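The values are calculated or read from the model by the stated rules, or taken from the named source; none is laboratory data. In this text, all values refer to a predicted model and were calculated from it rather than measured experimentally. Here the Cβ positions follow ideal geometry from the backbone for every residue, glycine too, while neighbour counts run over all protein chains shown.
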Amino acid sequence: MAKLERDKLADIEIHVGDPNEQVRDSLRSIMRAEGMRRINTFIRFEDFIESLKKSTPDLLLLADDFDDNIFDVVRDIRNYRLGNNPFTLITMLIAQDNEGGMKKVIQSGADDVLIKPLSPGKLLERVGHLAFNRLPFIATTDYVGPERRRTTDRPSNIPRLDVVNTLKDKVEGRRLSTVQLTRAVNLGMREVLMAQLDSYPLKLAYVCNLIVKSWTEKDVLADRGRQFDWLVSVFEDAARHAKKLRRDALADAWMGMTTQVRAIQATFGEDNKPDIAALQAIPKLFEATKAAFPEEPRGEGGSQQEVA
């Protein structure tokens, strides 16, 4: 594995969020001893959030107890709802006694996890690993982050995305300008959004099958109204993604399909025969609508508003 060269580490910008002063000081000392100088530590979660809005750190080191909603924050970063680079490298620091912590890290879209207490050697080894061996990203309706599926696992049709890695750029002696980073982020987010659009039929099929199953099995505990609300929300979410890609006609078409969903819902009343066939056809109708409104050819790049 390629190794970090000390003379190229001074420009790496790292944000550390941990409520424990001893941990923050220890991490800062370890990294400064290796030549890293741009290290920002935060005790207040609010200060970290404000800093993230104004800066483009190359690496985030975040404790699992930094805030109750820390994993939601990671998801917000990955979905470009917070910060200026959704592909910032993120390492979570979790306590040994955090049951379920590893699962939360994986589901959030973070790149890596370290178990506290940390040794200097382990921290630096993982920083180097992220710089040179970052996993490709995948994007679905519910997840944006590194692809952790092993090559020996079942095959996947989900595309693997190579996203910008500013940590690697800097340790290899390159520094992206603001314009270059914005362009790389925009191109990466377009790929993310397009991959997410492609994954919606699977989610629609899941919700539709759930409704059919609860009906055919006469599940008296099933909340049919909530199930159909969920189905409508999937269309609304897909439409929002389409608008981010400036595909307004497609977004409007999908929003129009929510009326059809509500009409199908009405057939599931106690005195009616449910239109199961129409419900099961929804995923294919969704895909047909997407094909009917193809993306218009565009030049490379684009403004941040296209994916904001």
- Query: Out of all the residues in the range 51-61, which are under 20 Å from Glu21 (Cβ atoms) and not in a strand (DSSP E or B)?
  - Reply: Ser51
- Message: Can you pull out every residue in the range 226-258 that is without any contact (Cβ under 8 Å) to a residue 40 or more places away in the chain and either in a loop (DSSP other than H, G, I, E, B) or small (Gly, Ala, Ser) (or both)?
- Response: Ser233, Ala239, Ala251, Gly256
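Does the range 67-89 contain any residue that is surrounded by 15 or more Cβ atoms within 10 Å (Cβ to Cβ), out of contact with any helix residue (DSSP H, G or I) (no Cβ under 7 Å at 6 or more places or on another chain) and part of a strand (DSSP E or B)?
The first filter runs over the range 67-89 and keeps only residues surrounded by 15 or more Cβ atoms within 10 Å (Cβ to Cβ), leaving 67, 70-71, 73-80, 82-89.
Filter once more, keeping what is out of contact with any helix residue (DSSP H, G or I) (no Cβ under 7 Å at 6 or more places or on another chain): 70, 73, 76-79, 84.
Cutting the leftovers down to part of a strand (DSSP E or B) gives us none.
No: the range 67-89 contains no residue that is surrounded by 15 or more Cβ atoms within 10 Å (Cβ to Cβ), out of contact with any helix residue (DSSP H, G or I) (no Cβ under 7 Å at 6 or more places or on another chain) and part of a strand (DSSP E or B).
How many residues are of a type in the set (S, T, N, Q), outside any loop (DSSP other than H, G, I, E, B) and at pLDDT 70 or above when one looks only at the range 259-308?
Initially, the range 259-308 is screened for residues of a type in the set (S, T, N, Q), giving 259-260, 265, 267, 272, 280, 289, 303-305.
With the extra rule that they be outside any loop (DSSP other than H, G, I, E, B), the set shrinks to 259-260, 265, 280, 289, 304-305.
If we keep only those that are at pLDDT 70 or above as well, we get 259-260, 265, 280, 289.
Result for the range 259-308: 5.
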- Assuming Asp219 fulfils every condition listed in (1) surrounded by fewer than 16 Cβ atoms within 10 Å (Cβ to Cβ); (2) of a type in the set (D, E, K, R); (3) in a helix (DSSP H, G or I) apart from one, which condition is it? (3)
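For the subset of the range 10-30 comprising residues that are outside any helix (DSSP H, G or I) and touching a Lys or Arg at 6+ places or on another chain (Cβ under 8 Å), which member is surrounded by the fewest Cβ atoms within 10 Å (Cβ to Cβ)?
If we filter the range 10-30 for residues that are outside any helix (DSSP H, G or I), which is where we start, we get 10-20.
Among the residues that remain, those that are also touching a Lys or Arg at 6+ places or on another chain (Cβ under 8 Å) are: 10-14, 16, 18.
Numbers: Ala10: 12, Asp11: 14, Ile12: 23, Glu13: 19, Ile14: 23, Val16: 26, Asp18: 22.
This residue is Ala10.
Going residue by residue through the range 104-122, is there one that turns out to be part of a strand (DSSP E or B) and of a type in the set (Asp, Glu)? Please lay out each step first, then the result.
To start, the set of residues in the range 104-122 that are part of a strand (DSSP E or B) comprises 112-116.
Now drop any that are not of a type in the set (Asp, Glu), which leaves 112.
There is at least one residue in the range 104-122 that is part of a strand (DSSP E or B) and of a type in the set (Asp, Glu).
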- Query: Between a first residue in the range 98-112 that is among the hydroxyl-bearing types (Ser, Thr, Tyr) and crowded, with 19+ Cβ neighbours inside 10 Å and a second residue that is in a helix (DSSP H, G or I) and at pLDDT 90 or above, which pairs have beta carbons less than 9 Å apart while being 6 or more apart in sequence or on different chains?
  - Reply: Ser108/Ile70; Ser108/Phe71; Ser108/Asp72; Ser108/Val73; Ser108/Val74; Ser108/Arg75; Ser108/Arg78
